[in-house]
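We did not get these values from a lab; they are worked out from the coordinates using the rules stated. This structure is a prediction, so every number in the text was calculated from the model and none was measured. For neighbour counting, all protein chains shown are included, and Cβ atoms are generated from backbone atoms with ideal geometry for every residue, glycine included.
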Amino acid sequence: MMIIHRALVCLACATLLCSPTFAQSANTAPATTPVSDTTPAAPLPTFQLADIHVSPHSNTPQIRGGTLHGDRYTTSQATMTNLIARSYNVESSNVLGGPAWLDLDRFDVTAQAPRTTSPDDIRLMIRSMLIDRFKLVAHPGTKPLPAVVLSVGKGSKLKQADASADSGPGPGQGPGCQYQPPPQNTAPSPAMEVKFACHAVTMESFADFLHSVASPYLKSPVVDQTGLKGAWDFDIHWTYQKQADGGGTSIFDAVDKQLGLKLEAKTAPLPVVFVDSVNETPTPNPPGLDKALPPPPPAAFDVAVIKPASPDEKGISLQVKGSQIIIDNAPLEFLITWSWDIGDGRIANPPDFLNKDHWDILGKVNVDNAPTGPGSALQLDQEDLQQMLKTLLADRFELKSHMEDRPADAYTLIAAGPHLKKADPTNRTGCKNGPGPDGKDPRIDNPQLGRLVACSNITMAQFAAQLQSMAPGFIKNQVIDATGIDGAYDFTLSFSTSGQLRAPSPQAAGDDPSSPDAASVPTGGISLFDAIYKTLGLKLEKRKGTIPMFVIDHIDEKPTDN
């Protein structure tokens, strides 16, 4: 069975994947934005060309993209909330008001902009696109909201950065915090220490960094109130995830003891954006856009070296260092499922060797032809890396494949004595991690309930469509709604992760620990299936159906020579 701690793999990538940026159509009058109550509106910069369309279904519907490829900006799976937040440079949770679909509908956008466009101008171009194509009407403001305040503790232990130094701790690395990977023979674990070497970092940027990478601890935006000016050098390490027994080093202890700073949960005035109105459907793309804005060539490594992994290696790692992409101990099954964004068990009749041999891959990219950030550090989004691996598998393993609908068992959501609360129609539609409006968190009293999801103004069809991404450890394929229940509802759902549940008892049905009939952990754990039944009066039932499967037409067991 393949072993990978996906959260740690994502963490290594998260420090290198950019925030999204977006697009607006050409040949339109420039949008304007008020500078103040007494000054005239100033024209906003606009993208030269833009393509906007609804995102296709994804097993992992998370916003992606946002890196500059020459003169091209792209993003995918972006909600309107994501787009507005990026255009005003605020947290997505701080986009307030607007229609119910703001967090639900997703869009793919490709735009053309000058190669030298600054991040600040990109934000204004996004706003211009939203005003032009979606008729957005919004205004910024501030509001007291929950936050984590970063301040000086008993005394700062930071070292002032050398103002004359313009490079980071490694080749091609500029100012910022660089992930320090663990030794290759270290088995991935939630108790693993996460280490970063930070160079020439301001406290404001460090606060943003903490919020992006320490999410298991920090659920609210981090606000800098240290009063420390200038840039700083330091190292920091903590235990990736809070331990039930209190062991390990939390991010709070790390910031306190290693840096002499302090993190505290407080209320602070935060920038917000109030949405007055916005259209759900953008204006059509201009005619001939496919020829004026053709897709770029598929991303590929300039050079790639593939060799068998050492038998002593444990876990799978993927990291970007300078102009290198390093993948360790990866079987072909992982490379395929990650590159094509398909769930476990979605490869039809896989050959035996697909998960037997493990490979180390060192890929190099010419930074002159790739997106770069501060200090000329390589910046690739997930879709770039996925396309590079697709090209590599085709070139070196002779992979040929196609997608095909095939018969399979799939879960269907049915009513079994439902007890649901009608939704407030003014609420946004969607499901988010964490407590509902009442603020209650059952995980505090019962750590075995590792997942808490709050859904608002959601239909049963929408809920069924989100179950796969909500609980991938239990649900491998998209769920079909057969409840027959109309209307929208508000509810919270708490359950154990699949890893928290023990193996099913001998009386349980089959060998699948995610089966609705599998026994729960007797110490307070509860499966997704039990939680849905007990909390909502619904049931997930396996039925025969068809699902899209990845079909391998040909693949070589060994790669071609380096």
| request: Find the residue count for the stretch 305-335, including only residues that are outside any strand (DSSP E or B) and in contact with a helix residue (DSSP H, G or I) (Cβ under 7 Å, 6 or more places away or on another chain). | output: 5
| request: Report yes if some residue within the stretch 60-81 is in a helix (DSSP H, G or I) and buried (at least 19 other Cβ atoms within 10 Å of the Cβ); otherwise report no. | output: yes
| remark: For Leu362, the lone unmet condition from (1) surrounded by fewer than 18 Cβ atoms within 10 Å (Cβ to Cβ); (2) outside any loop (DSSP other than H, G, I, E, B); (3) in contact with a Lys or Arg (Cβ under 8 Å, 6 or more places away or on another chain); (4) not β-branched (Val, Ile, Thr) is (3)
| task | Report yes if some residue within the stretch 334-343 is touching a Pro at 6+ places or on another chain (Cβ under 9 Å), farther than 29 Å from Glu91 by Cβ and surrounded by fewer than 20 Cβ atoms within 10 Å (Cβ to Cβ); otherwise report no. | result | yes
| query | So which of Asp276, Asp233 ends up being loosely packed, with under 15 Cβ neighbours inside 10 Å, in a strand (DSSP E or B) and touching a residue at least 24 places away in the same chain (Cβ under 8 Å)? | reply | Asp276
| query | Looking only at the stretch 85-101, which residues are closer than 20 Å to Pro146 by Cβ, among the aliphatic types (A, V, I, L, M) and part of a helix (DSSP H, G or I)? | reply | Ala85
| query | If you go through the stretch 271-293 one residue at a time, do you hit one that is touching a His at 6+ places or on another chain (Cβ under 6 Å) and closer than 30 Å to Pro56 by Cα? | reply | yes
